[in-house]
1. Two-decimal Rg/Rh of the protein assembly as shown from alpha-carbon positions, Kirkwood Rh?
2. Calculate, for segment A:18-133, the solvent-accessible area per residue in square angstrom, rolling a 1.4 angstrom probe over the heavy atoms of the protein chains.
3. Per residue of segment A:99-109, what does 6.51 cos²θ - 1.76 cosθ + 1.60 with θ = phi - 60° give for ³J(HN,Hα)? Whole Hz please, x for Gly and Pro, Karplus curve as stated.
4. For chain B, which span is the longest to avoid every loop-located (per DSSP) member of GluC sites (Glu not before Pro) having at most 15 other Cβ atoms inside 10 Å?
5. I'd like the Karplus ³J(HN,Hα) series for segment B:208-215: coefficients 6.51, -1.76, 1.60, θ = phi - 60°, whole numbers in Hz, and an x wherever there's a Gly or Pro.
6. Between B:A36 and A:Q112, what is the label-to-label distance in nm when each label sits 7 Å out along the Cα-to-Cβ direction?
7. Which angle between 0 and 90 degrees, to the nearest 10, do you get for helix B:183-202 versus the longest principal axis of chain B when only C-alpha atoms count?
8. Any idea what log10 I(q)/I(0) is at q = 0.12 Å⁻¹ for chain B, Debye with uniform C-alpha scatterers and no solvent?
2 protein chains.
Amino acid sequence: MRFSVKVPASSANLGSGFDTLAVALSLYTTVIVEPADDGYVFDGGPDLAGGENLIEQGMQLAAEAVGLALPHCRVSVSSDIPVARGLGSSATALIAGLLAGNHLLGDQLSRQQIFELATGIEGHGDNVSASLFGGVTLSLICPDRVICRQIPLGGALQVVLFVPDAFGLTADARAVVPLTVPRQDAVANLGRCALLLMALVQGDFPLLCEAMQDTLHQPYRCALFPHVGPMIESAVEHGAFGACLSGAGPSILAFVDPERAARVAEALNDEARSRAVAGAAIVLDIVMEGATITHTV
Amino acid sequence: MRFSVKVPASSANLGSGFDTLAVALSLYTTVIVEPADDGYVFDGGPDLAGGENLIEQGMQLAAEAVGLALPHCRVSVSSDIPVARGLGSSATALIAGLLAGNHLLGDQLSRQQIFELATGIEGHGDNVSASLFGGVTLSLICPDRVICRQIPLGGALQVVLFVPDAFGLTADARAVVPLTVPRQDAVANLGRCALLLMALVQGDFPLLCEAMQDTLHQPYRCALFPHVGPMIESAVEHGAFGACLSGAGPSILAFVDPERAARVAEALNDEARSRAVAGAAIVLDIVMEGATITHTV
């Protein structure tokens with residue numbers, strides 16, 4: 001059997017939904033799995049996770065979970081997701097590996113079980129939930145279980161993503177977020193995250209600008225990436241509903257009316273150029289389907 | 001002209017939605033306004049706000065906002081809302097006064113403007129939003145505006161409320177909530193509040209038990225009211241979807257399937273009796289309409 005697993009990129013947080021919300025985007029990691037004569041052959045592909053092979057780790061994890069050994073296979077990878085830019089590329093590799101391993105062994109694990117295994121490795125569920133289930137997702141780690149729900153969207157929405165050429169490393173960006181926060185910041189984020197959900201569900205997108213404001217992580221991370229604050233402002237001034245840091249950065253995500261996508265992309269490129277930040281804006285769709293497995297001849 | 005203003009009680013927070021969510025309940029403050037020969041005559045009624053006359057304050061505030069003087073009138077009040085129990089009785093008085101004053105002067109203020117005036121006095125928008133707009137509400141105070149959205153409910157839900165005979169004072173209950181909180185508590189509440197909204201919107205009520213868990217205020221307030229923790233557990237054990245402290249307490253709110261309301265009420269009464277807590281459980285509807293003005297002959 002020869003099959004491919006296609007896993008969308010994701011952008012976590014969406015401003016106020018710190019470690020909770022994420023959206024699946026139309027950039028993909030694709031893994032092709034083919035029978036091989038002996039052993040496990042990994043066939044090149046980009047460095048998806050800073051040196052670790054999360055695809056193989058995912059496959060082994062799935063095999064352990066079902067208590068079987070992986071058959072001999074050849075795995076090849078391609079991806080158009082920029083790495084270390086806050087687009088969840090490592091989550092796509094992990095999900096691709098889990099789904100490939102599970103599929104090789106008869107699809108015994110449910111998507112919820114795959115989600116639990118992935119969350120256990122990642123430590124939070126935001127990127128993996130969007131890559132696995134698609135759309136805008138809400139994920140939550142509880143003492144006895146992990147929960148994910150897809151948020152239905154009440155209207156047409158696209159994403160403009162500005163991806164700087166320079167890397168950002170999640171570990172650095174997480175270390176700057178303080179361990180305690182003022183109660184009033186916690187309450188403000190609570191309300192804004194709730195408003196963000198209602199804006200998405202009811203298609204009341206002009207609320208997004210207010211709803212995506214964050215006080216828990218973005219102000220600290222923006223200090224690492226001084227281009228971010230002005231570029232978010234520029235996106236909104238040029239017609240984006242709202243904008244935020246993508247994941248732990250340094251990319252910037254803007255939600256837009258599809259008709260305004262080109263204008264917002266141009267504004268982000270102009271603003272970046274004026275600040276001597278190398279990079280490019282791209283227009284992406286929100287992927288509602290999540291990771292897919294396709295049999296190929 | 002003779003008219004009455006009927007304002008529903010409310011329960012704020014709903015567990016994880018600290019200072020953000022609230023629900024309007026079928027207990028009411030009713031204010032009847034009649035022409036009078038001279039001055040302002042206040043005709044008895046319960047002490048709704050610990051001595052302050054919030055009804056008159058609301059009427060004056062509305063008059064100031066439209067720049068007119070109130071006509072001579074007689075105001076009489078009745079209410080079946082227990083005071084100082086976490087049921088927003090003072091918010092009902094304020095809203096009743098604002099609506100009465102506005103109506104006497106030709107209804108020049110919109111509901112949004114009434115909401116802004118009430119929020120300015122209360123300092124937060126949770127109780128006033130539910131009493132004014134009805135249903136489950138999300139409210140948010142932003143630097144330049146206050147926002148309220150009603151959350152549509154995806155199924156039939158009732159409330160069982162246990163009201164202790166003993167008072168609780170909001171000021172005391174607020175003072176125990178710390179001014180800084182661990183980041184992980186802020187993130188946990190963020191996710192649970194978002195889950196609470198999705199559970200309500202999608203009618204996925206079994207999620208409420210997890211979604212109503214709180215780490216920002218309830219653990220601290222429960223230390224003031226030792227009956228609360230065990231009674232919340234008892235409500236859930238006996239079939240409630242979820243339960244929490246009502247506002248700043250000491251009442252307890254449980255969301256229930258209407259068919260289980262009587263059983264949950266009985267369980268709460270039994271648990272209270274076993275702990276020598278005087279009080280009674282009542283079954284209430286969620287009021288979707290908010291405050292109403294009716295002309296009477």
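1. So for the protein assembly as shown, dividing Rg by the Kirkwood Rh gives 1.05.
2. About 36 Å² of surface per residue is accessible.
3. Working through the residues one at a time gives 5, 5, x, 4, 5, 4, 9, x, 6, 7, 8 Hz.
4. By the stated rule (loop sites, at most 15 other Cβ atoms within 10 Å), B:53-288.
5. In residue order, the calculated couplings are 4, 4, 5, 5, 7, 4, 10, 10 Hz.
6. For B:A36 paired with A:Q112, the spin-label model returns 6.2 nm.
7. 70
8. Computed log10 I(q)/I(0) values: -0.74.
The values are calculated or read from the model by the stated rules, or taken from the named source; none is laboratory data. The shown structure was predicted, so the numbers you read here are calculated from the model rather than taken from an experiment. Quick reminder, even Gly has a Cβ in these numbers, built from the backbone with ideal geometry, and neighbours come from all protein chains shown. Ligands, DNA and RNA are excluded from the accessible area calculation, which covers all protein heavy atoms including side chains. Shrake-Rupley method; radii C 1.70, N 1.55, O 1.52, S 1.80 Å.
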